[in-house]
Amino acid sequence: MPFIPQVPGSAPEVRVRDTASGELVPAASGDDVTLYVCGITPYDATHLGHAATYVTFDLLGRVLRDSGHTVRYVQNITDIDDPLLERAERDGVDWRDLATREIALFREDMTALAVIPPDEYLGAVESIPTFVGPIEKLVADGWAYAVAAPDASRDGALDYYFDVAKDPRFGSVSHLDEAGMLEVFEERGGDPDRAGKRNRLDALLWRAHREGEPEWDGGSLGSGRPGWHIECACIALDHLGVPVDVQGGGTDLIFPHHEMSAAHARALSGSTSFAGAFVHQGMVGLDGEKMSKSKGNLVLVSTLRREGVDPMAIRLVLLARHHSHDWIYQDDQLVEAQQRLDTWRKALSGNGGPVADQTVDDIRAALADDLDSPRALDAVDRWASQALSRGGDDPGAPGVLGRALDALLGVRL
Ligand code: 5CA
Ligand code: ZN
């Protein structure tokens, strides 16, 4: 946890756009705020899309702290999953070594970008023993059912699926109709054509051990490994309790991942909702397509850092786009961000400047309004341009604004 300076003045209540209701809602339900953000699948390095997501939720944590809340932030790591096993196989490395290496690089990248670490990073692997009981409970309570594992290595092995038809609230996060759900289900890890499922959209909870795959003790489920969505449901339930205040991730997770983990968590807890707000980062693209490890069209944070790019300029590229928008990365955005950073540095290095109180208020107001970081940056630009063109006689102003940039925007000059 880095040192976060105090900023004078007071902050308004933070509101965020909730994907499920479409409304602007308070991000905090009380003094203590719980934040669950879906973490990386560590089979490749952090790209600008991941970075955008984690900077967005870092911003949320910062403004909540500034408005007097205690933030409890949990993030998972999907350190066992098909793509990780496939990449390890392709590269001839042990999947555990691949995951360990990419997690370390991710944490370095996040530190460089001044992302405040979550209170807890929970790997799926270390948490598997805590998933078994809840899956058994879903089976016992009639939320889940078994399907014979066709190509399993042991006779009688069973896979377990969540029965979406049992859940009257299924669809309440994404609001997609069945056709819309089916359209993205397979591409995002689902198996609509698996024989024996009751509904094509039913989600895998436990996969019986297959020859050549890693396996864990699944109690009455038999040995195998967990499905993806149940991991986030259980980690959030165990480490934060539901409803969490904010469930975060990119828009590519709205369906099926967030729909399913919300359904699992509601079924396990009896709570009518999984999160007070579902907040989603728009997709960052490159050359007209979503940036993704599977497509390989990546701009990596670690590559930019190696090339000597100032991490704060990377952060400014991300902050200059509203989190709810999709956008395409281009190199000139980095040039612009670097120029902005240089201007701010110059303006803030003066012995004084124009009074900064209004600028700090403007930053706070912009961020409290669904994390409108572009508007917050504009406010700083206005102050910097005034400071450089007309100067100012408040000797404390650069210090106050510098602390606000650090504490609220995570931009250290
Ligand atoms: N481990 C799962 C979540 S439990 C996962 O989606 N991992 S990931 O490595 O693929 O993505 C990590 C985070 O970055 C997720 O929140 C995802 O929604 C987000 N993300 C992935 N690609 C992009 C992109 N191109 N633009 C913005 N965010 C992205
Ligand atoms: Zn997740």
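Odds and ends about this structure:
- For region 22-52, filtering for residues that are of a type in the set (S, T, Y) and farther than 22 Å from L237 by Cβ leaves 2.
- A104 vs. criteria open to solvent by 40 Å² or more (accessible area, probe 1.4 Å), within 16 Å of ligand 1 (Cβ to nearest atom) and in a helix (DSSP H, G or I): yes
- Search result, residues across region 390-413 that are open to solvent by 10 Å² or more (accessible area, probe 1.4 Å) and small (G, A, S): G391, G392, G396, G399, G402
- Any chance V139 is in a helix (DSSP H, G or I) and touching a strand residue (DSSP E or B) at 6+ places or on another chain (Cβ under 8 Å): yes
- Qualifying residue in region 11-21 (condition: within 16 Å of ligand 2 (Cβ to nearest atom), over 20 Å from S261 (Cα atoms) and surrounded by 22 or more Cβ atoms within 10 Å (Cβ to Cβ)): no
- Counting only residues that are open to solvent by less than 10 Å² (accessible area, probe 1.4 Å) and in contact with a strand residue (DSSP E or B) (Cβ under 7 Å, 6 or more places away or on another chain), region 120-136 holds 5 of them.
- For region 244-255, the set of residues classified as open to solvent by 10 Å² or more (accessible area, probe 1.4 Å), within 12 Å of ligand 1 (Cβ to nearest atom) and touching a Ser or Thr at 6+ places or on another chain (Cβ under 7 Å) consists of I254 only.
- Checked against (1) within 18 Å of the chain's Cα centre (by Cα); (2) open to solvent by 30 Å² or more (accessible area, probe 1.4 Å); (3) under 25 Å from A20 (Cα atoms), L300 passes all but condition (3).
- Search result, residues across region 155-204 that are under 15 Å from G227 (Cα atoms) and open to solvent by 40 Å² or more (accessible area, probe 1.4 Å): L158, E186, R188, G189, D191, R194, L204
- Any hit, region 381-389, residues being crowded, with 20+ Cβ neighbours inside 10 Å and of a type in the set (S, T, Y): no
- Screening S29, S21 for residues that are away from ligand 1 (no atom under 16 Å from the Cβ), under 19 Å from I254 (Cα atoms) and of a type in the set (S, T, N, Q) leaves exactly one candidate, S21.
- The residues of region 256-274 that are away from ligand 1 (no atom under 12 Å from the Cβ) and open to solvent by less than 10 Å² (accessible area, probe 1.4 Å), listed by number, are E259, A262, A263, H264, A265, F274.
A quick yes/no check of all residues on (1) open to solvent by 10 Å² or more (accessible area, probe 1.4 Å); (2) within 16 Å of ligand 2 (Cβ to nearest atom):
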position	(1), (2)
P2	yes, no
V33	no, no
L48	no, no
R72	yes, no
I77	yes, yes
G92	yes, no
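- Test: residue in region 284-300 that is under 28 Å from V25 (Cα atoms), in contact with a helix residue (DSSP H, G or I) (Cβ under 9 Å, 6 or more places away or on another chain) and without any contact (Cβ under 8 Å) to a residue 40 or more places away in the chain: no
The values are calculated or read from the model by the stated rules, or taken from the named source; none is laboratory data. Nothing here was measured: the structure is a model prediction, and the numbers come from that model. Note that we place each Cβ from the backbone using ideal geometry, even for glycine, and neighbour counts take in every protein chain shown. When the accessible area is computed, the model is the full protein with side chains, heavy atoms only, and any ligands, DNA or RNA have been set aside. Shrake-Rupley method; radii C 1.70, N 1.55, O 1.52, S 1.80 Å.
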